[in-house]
Amino acid sequence: MGVPVAALVTFEDGSKQRFDDVAVTSELSERALVELLYDYTPDLVPCSPLAQDGLWRYRDLLPLEPGPVTYPLTVGGTPLVASPGLRQASSCRHLWVKDETRGPSGSNKDRATALVLEHALRRGHQTVTCASTGNVAVSLAVGAAAAGKQAVIFVPADVDDSKLSVMLFCGATVVKVRAGYTAAFRLSRQAARTFGWCDRNTGVNPLTVEAKKTVAFEIWEQLGRQVPDVVVAPVGDGPTLCGLAKGFRELVACGVAERQPRLIGVQAEGCQPVKRAWEAGAPRVEPVEPRTLADGIAVGDPVSGRLVLRDVRESGGGFVAVSDAELLEAVRTLATKGGLLAEPAGAAAYAGLLRALEDRLVSPDEQIVVLLTGTLLKTPRFLRPASVPVEVEADLSAIERALAGRLAD
Ligand SMILES: *Cc1c(COP(=O)(O)O)cnc(C)c1O
């Protein structure tokens, strides 16, 4: 089952031939058309109840009135990847990567956007707003386009150019705020109140955490209804980690899980207000001036800072901070050893795992999940190739000369 048993080959002159040994087809002329055949039975068609409905699978645990979901994009249901290369590189035998880059706009923000816009559709809001260091804005621009809503987005003036292009391309109205993200956040909230817009601001709109908690449900289901030992997640404003914590808490509350995983929060060395508060044992988070190239976690005054401290403490976890150099190294390792494309903030959890192993917050034989939160493809400035392409005339001997000594076999 699932293995081709024969190949039907159509040659250039139109003649057809069946090969029962599928392996021979690789020897055929390059112009032959090869179609693989299977031992067809109804069993080959999957019939598992896992529908392609993403996070709506958990609608009984989401604040959603009865009635059909009309938000058109599929969000959630992201893969939990077992990467042999990353397991080897990190020496963690039971490492899993929850690939949250697989949303409509390439970041974990798409879950929150989906739930907020579903509400906006039901309530008849025409305009939605958010402030964002980049990914929330792109996500809302994409989602609003899908839902037929107008997005008004507030970003810091130093927002990533390629992310800005995506927002504008999708038809959002973008406001650059010179005073930075925290000021943009306040302005967006004021505008929402004054003009009656739907407010998708992270943390303050509870729907954002509700949507993000579905990541925990998925991890648990994907591990065969088991809770991992540790989950490592980046911390910017905080709802990503708080959502995870809430999801696992609810699984325990539902009586289907016995415990929560330890949560490790990862911040950038140049912007670690929550980790500082953790180390000082301080009840609240003192704002800092963010200095990191990882825009997704460049949040100097995190909206959910206190909640993050509480959730990490309750889980028995901890915090690490990583340098920009470590973030860029993680971006490279994820791509070259895992085939996973993450921007610096998106790669922070992997960088943080390496740090947490060094700090002995995590042990390599535990079952560990790291969250990849944003794709590299939206921030091409971080694609820094380590080699140059080989250019040849179109003949094989030139390739042979050019590649001499480069390849393993
Ligand atoms: C938003 C974001 C984060 C941080 O999430 P918070 O919920 O703000 O803590 C991390 N990585 C990426 C790529 C993000 O876009």
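The values are calculated or read from the model by the stated rules, or taken from the named source; none is laboratory data. Every value quoted in this text rests on a predicted model; they were computed, and no experiment measured them. Cβ coordinates were reconstructed from backbone atoms using ideal geometry, including for glycine residues, and neighbour counts include every protein chain displayed.
Odds and ends about this structure:
- Restricted to region 60-176, the set of strands (runs of 3 or more DSSP E) holding at least 2 residues that are closer than 17 Å to Thr375 by Cα and in contact (Cβ under 8 Å) with a residue 40 or more places away in the chain comprises 94-99.
- Flag for Ala325 being of a type outside the set (Val, Ile, Thr), within 20 Å of Ala345 (Cα to Cα), modelled with pLDDT of 95 or more and touching a strand residue (DSSP E or B) at 6+ places or on another chain (Cβ under 7 Å): no
- Flag if Thr333 is surrounded by fewer than 24 Cβ atoms within 10 Å (Cβ to Cβ) and more than 14 Å from the ligand (Cβ to nearest atom): yes
- Among (1) away from the ligand (no atom under 16 Å from the Cβ); (2) out of contact with any Pro (no Cβ under 9 Å at 6 or more places or on another chain); (3) more than 28 Å from Ser315 (Cα to Cα); (4) not aliphatic (A, V, I, L, M) - the single one Lys176 does not satisfy: (2)
- Remark: Gly352 falls outside the filter, which requires a residue to be without any contact (Cβ under 8 Å) to a residue 60 or more places away in the chain and under 30 Å from Leu223 (Cβ atoms).
- Scanning region 147-167 for residues that are among the aliphatic types (A, V, I, L, M), within 22 Å of the chain's Cα centre (by Cα) and surrounded by fewer than 17 Cβ atoms within 10 Å (Cβ to Cβ) yields no hits at all.
- With respect to (1) in a helix (DSSP H, G or I); (2) farther than 26 Å from Pro344 by Cα; (3) among the aliphatic types (A, V, I, L, M); (4) touching a helix residue (DSSP H, G or I) at 6+ places or on another chain (Cβ under 6 Å), the lone exception for Ala192 is condition (4).
- Neighbours by Cβ (under 8 Å, 6+ apart or cross-chain): first from region 222-241, more than 16 Å from the ligand (Cβ to nearest atom); second part of a loop (DSSP other than H, G, I, E, B) and basic (Lys, Arg): Val227/Arg259
- All of Phe248, Phe217, Phe195 fail the test of being touching a residue at least 12 places away in the same chain (Cβ under 8 Å), of a type in the set (Phe, Trp, Tyr) and within 17 Å of Leu307 (Cβ to Cβ), apart from Phe248.
- Val209, sole failed condition from (1) assigned to a helix (DSSP H, G or I); (2) more than 16 Å from the ligand (Cβ to nearest atom); (3) buried (at least 19 other Cβ atoms within 10 Å of the Cβ): (2)
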